[in-house]
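In what follows, a single structure is set out as C-alpha cells and then discussed.
The values are calculated or read from the model by the stated rules, or taken from the named source; none is laboratory data. Note that the coordinates shown come from a computational prediction; the quantities given were computed from them, not determined experimentally. Note: ideal-geometry Cβ built from the backbone for every residue, glycine included; neighbour counts use all protein chains shown. The accessibility values were calculated without ligands, DNA or RNA, using every heavy atom of the protein model including side chains. Shrake-Rupley method; radii C 1.70, N 1.55, O 1.52, S 1.80 Å.
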Amino acid sequence: MRLKLEGILVANVTPFGPDLALDEEGLRTHIRSLADTPGLGGIVCNGHAGEVACLTREERRRCIEIVAKEVKGRLPIVTCFEAVATREAVEAACEARDAGADALMICPPPIYAWSPAGNPEFAVAYHQAIARGAGLPMILFQYPPQAAFSYSTECLLALAEEIEEVVAVKFADGGNIRRYESDLRALRALPRPIAVLYTSAREFFQHFLTGADGALTGFANFAPAECVALYQACRRGDLPAARALHEQLYPATSAVYRDPYVNLHTRYKEATFLCGRIRTPHVRPPQLPLREEERAALRAALRASRLLPE
C-alpha cells in the first residue's frame, strides 16, 4: 500500500482525431515518449489535463489500459476521477484498478453545498468507501482555499489520519503560498509520510524549495526533461541551476498560466502539439480551440523557452 510518489508526475493530455474520436495510436506514442524521460516520477491519466470530464466511461478505461501497456511497470500509473454518487465513485475506482492503475487521484464530488471544510465527515466517509472498495493508494485533490470544494487543514489531516490508503496530496494552483506551507507543515507532522505534490510550473522553484516532494502537472507534457531537471536541481540544493531553469521556462509558464484560466488545459494540449509530441491539438466541447493570436503568442513563448524543436 505504501506507494512512494515523488518527482515529476505528468498529467498527460488525451489526443483526439479531427472527428474528436480517441486517437489511440497518438496516445501510445505520447506515453512512450513521456515514459522514456529519465527521472520521471509517474504518469497520471484521465486528469483534468486529459479532458476527463469529456471522456466516456469506456474511454477512461481504455486510456488506462493503453497507458499501462506502454509504461510496462516502469512508472506508477495514477488515474483521476470525480463522481457525485459514492457508489459511482467506488465503481470507477475498481474499474481503474482492473484496467492497470496503481493509484487513484480523487477529486472532491462537485456538490456545491458539500462544504468539506465545514463538514469533514462527508469527505472522510466518501474516501473511506473508495478505499474499501478498490484497495488502492490514493491522492487527495486539494483545491485553492477560495474554492467551494477546498479542504481545510483539519479536514486534510482527518483524511490522512483515518484512511491508510492516502499517500499524497495534490495542491491545485491558485492558493497563496502561506496557506500551502501551512498545509505542508501539518502533513509533515503526521507519523507516516504523505507526499506533497504541487501543480503549477510557474511556481515550481518556490514550492520545491519550501519542501514539496514533487509536482503533478500537465506542463510536463511538452517539457518533461526540463521539469525533472528543475526538481532535481532543487532537491540537491543546486540553486543556480534551478534558478536558470526557472528563468528559461518563464516565457512558457507566463503564456500557459494566464487568464482566461479556463483555457489552461487547452494550452497544455496546444503546446504539446506545437512541440511535436501529439499529432493534433483538437479539444472536445465545451472547450474551444485557442484563437490564432493566442496560439501565436504561445508559439513565441515556447520558442523563447527553448522548447520548440529546430
- Which pairs have Cβ atoms under 6 Å, sit 6 or more apart or on different chains, and link a residue in the range 288-310 that is part of a helix (DSSP H, G or I) to one that is crowded, with 16+ Cβ neighbours inside 10 Å and modelled with pLDDT under 95? LEU302/LEU308
- Do we find a residue being under 21 Å from ARG279 (Cα atoms) and at pLDDT 95 or above anywhere in the range 85-104? no
- Where ALA103 falls short, out of the listed (1) more than 13 Å from the chain's Cα centre (by Cα); (2) buried (at least 18 other Cβ atoms within 10 Å of the Cβ); (3) farther than 23 Å from PRO281 by Cα; (4) not hydroxyl-bearing (Ser, Thr, Tyr): (1)
- Query: How many of the residues making up the range 153-191 are touching a residue at least 12 places away in the same chain (Cβ under 8 Å), at negative phi and part of a loop (DSSP other than H, G, I, E, B)?
  - Reply: 8
- Quick check: anything in the range 207-223 acidic (Asp, Glu), open to solvent by 10 Å² or more (accessible area, probe 1.4 Å), out of contact with any helix residue (DSSP H, G or I) (no Cβ under 6 Å at 6 or more places or on another chain) and free of Cβ contacts under 8 Å to residues at least 12 places away in the same chain? no
- Among the residues of the range 96-134, which ones are part of a loop (DSSP other than H, G, I, E, B), free of Cβ contacts under 8 Å to residues at least 60 places away in the same chain, closer than 25 Å to THR56 by Cα and not hydrophobic (A, V, I, L, M, F, W, C)? GLY100, PRO108, PRO109, PRO110
- Would you check which residues across the range 128-154 are open to solvent by less than 20 Å² (accessible area, probe 1.4 Å) and under 14 Å from LYS170 (Cβ atoms) and list them? PRO137, MET138, ILE139, LEU140, PHE141, GLN142, PRO144, SER150, TYR151
- Scan the range 266-283 and give yes if some residue there is buried (at least 17 other Cβ atoms within 10 Å of the Cβ), in contact (Cβ under 8 Å) with a residue 24 or more places away in the chain and among the polar types (S, T, N, Q), otherwise no. yes
- Sole exception among (1) within 21 Å of MET105 (Cβ to Cβ); (2) assigned to a loop (DSSP other than H, G, I, E, B); (3) in contact with a Lys or Arg (Cβ under 8 Å, 6 or more places away or on another chain) for HIS30, by number: (2)
- Query: Only one of ARG277, ARG258, ARG284 is in contact with a strand residue (DSSP E or B) (Cβ under 9 Å, 6 or more places away or on another chain) and either assigned to a loop (DSSP other than H, G, I, E, B) or at pLDDT below 95 (or both); which?
  - Reply: ARG284
- Item | Residue ID - surrounded by the fewest Cβ atoms within 10 Å (Cβ to Cβ), chosen from residues in the range 194-206 that are touching a residue at least 40 places away in the same chain (Cβ under 8 Å) and closer than 21 Å to LEU159 by Cα | ALA195
- Taking the range 163-198 and the residues there that are modelled with pLDDT of 95 or more and among the acidic types (Asp, Glu), the one that is farthest from the chain's Cα centre (by Cα) would be GLU164
- Query: What residue, among those in the range 51-79 that are in contact (Cβ under 8 Å) with a residue 60 or more places away in the chain and under 27 Å from LEU230 (Cα atoms), is surrounded by the most Cβ atoms within 10 Å (Cβ to Cβ)?
  - Reply: VAL78
